[in-house]
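Visitor: Pasting a structure here, questions to come.
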Amino acid sequence: MSAPESPDPVRSPSLDPRAEGPAFELKFLVDGALAARLEEGARRLLAPDPFGDAAGAYHTTTLYLDTRERDVLHRSPGFRTRKYRIRRYGLTTQVYLERKTRREGRVAKRRSDIPEADLAVLAGLPADGAWTGRWFHERVLRRRLAPAALVSYRRTALVGPAGGTPMRLTIDRGISGVPCDQWRLAPAAPPAPARAILDASAIVELKFLVSVPRLFKDLMTEYRLSPAAVSKYRLCQQAWQAGAAARGATRA
């Protein structure tokens, strides 16, 4: 693999202000051993995310929103391309309100950060016009969204430039989830302990702005990566539904 120019700290391509359109994101579901080899190979050419620890890793907690009828889960008309979620990195008290739009493999995000204490606003009436999260709250009310699942995992992020634009490789491990109906990033009384939803597997994502960087092409070839449609929210819901079905069969 050919090495890119020396990488600088960069943000996610889907949030980069230089972007002239949505970013590309390719997802791969791989086993733990392959994820370790891929990470070792990528580290020779990419730098750790400066916002993580020395290895570029950090803990991520995401609260996914859905309707009571689970329109997002079932990809109902009007709910197929956009997800609304609330995310926290590490143990900070700052959280991010995020809308993610995906169309034909391209991703655009809108995001605002607020103090975690402000999440209480989302459970009430429309917020004051000066509030940073008002745009998010308006859409939550309009689309009848509410907390549906809380998913946690450890992310390793490696970054670098690709022809003057950012590229980013992430590996998510230890993914677990639990149903959640509360506007908070740690439910006060979860219905049950969080359940592992991918066992020893990991989700790899390659993110870039224009065309697939040469480095990513080399990685996909060397490690025989095949893109997969995978959603942490959907995996969480499926795991809990399967568990409920299994418990019902046992009682029967």
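The values are calculated or read from the model by the stated rules, or taken from the named source; none is laboratory data. Model, not experiment: these values are computed from the prediction. Neighbour counts run over all protein chains shown; Cβ positions are idealised from the backbone, glycine included. Remember, those area values only see protein heavy atoms, side chains included, never the ligands or the DNA or RNA. Shrake-Rupley method; radii C 1.70, N 1.55, O 1.52, S 1.80 Å.
Visitor: Just name the residue that is least open to solvent (accessible area, probe 1.4 Å) out of those in the stretch 35-78 that are in a helix (DSSP H, G or I) and among the acidic types (Asp, Glu). Break it down stepwise before answering.
Guide: If we filter the stretch 35-78 for residues that are in a helix (DSSP H, G or I), which is where we start, we get 35-43.
From what's left, among the acidic types (Asp, Glu): 39-40.
Working: 39: 32, 40: 119 Å².
Among those residues, the one meeting the criterion is 39.
Visitor: Inside the stretch 87-98, can you point out the residues that are open to solvent by 20 Å² or more (accessible area, probe 1.4 Å) and among the β-branched types (Val, Ile, Thr)?
Guide: 92, 93
Visitor: Among the residues of the stretch 99-143, which ones are assigned to a loop (DSSP other than H, G, I, E, B), open to solvent by 70 Å² or more (accessible area, probe 1.4 Å) and within 27 Å of residue 230 (Cα to Cα)? Outline the logic, then answer.
Guide: Here is the first cut: in the stretch 99-143, the ones assigned to a loop (DSSP other than H, G, I, E, B) are 104-105, 124-133, 143.
When the remaining residues are screened for being open to solvent by 70 Å² or more (accessible area, probe 1.4 Å), the result is 104, 125-126, 128, 130, 132.
Residue satisfying the conditions is 104 alone.
Visitor: So, one more: Can you name the condition, by its number, that residue 175 falls short on among (1) open to solvent by 50 Å² or more (accessible area, probe 1.4 Å); (2) at pLDDT 90 or above?
Guide: Just one mismatch for residue 175, condition (1).
Visitor: Answer yes if at least one residue in the stretch 194-207 is among the β-branched types (Val, Ile, Thr), more than 18 Å from the chain's Cα centre (by Cα), modelled with pLDDT under 85 and surrounded by 13 or more Cβ atoms within 10 Å (Cβ to Cβ), and no otherwise.
Guide: As a first pass, look at the stretch 194-207 and keep what is among the β-branched types (Val, Ile, Thr): 197, 203-204.
With more than 18 Å from the chain's Cα centre (by Cα) added as a condition, the list becomes none.
No, there is no match, as no residue in the stretch 194-207 is among the β-branched types (Val, Ile, Thr), more than 18 Å from the chain's Cα centre (by Cα), modelled with pLDDT under 85 and surrounded by 13 or more Cβ atoms within 10 Å (Cβ to Cβ).
Visitor: Go through the stretch 202-231 and give me each residue that's in a loop (DSSP other than H, G, I, E, B), touching a strand residue (DSSP E or B) at 6+ places or on another chain (Cβ under 6 Å) and either farther than 20 Å from residue 104 by Cα or not hydrophobic (A, V, I, L, M, F, W, C) (or both).
Guide: Of everything in the stretch 202-231, those that are in a loop (DSSP other than H, G, I, E, B), touching a strand residue (DSSP E or B) at 6+ places or on another chain (Cβ under 6 Å) and either farther than 20 Å from residue 104 by Cα or not hydrophobic (A, V, I, L, M, F, W, C) (or both) turn out to be 213, 227.
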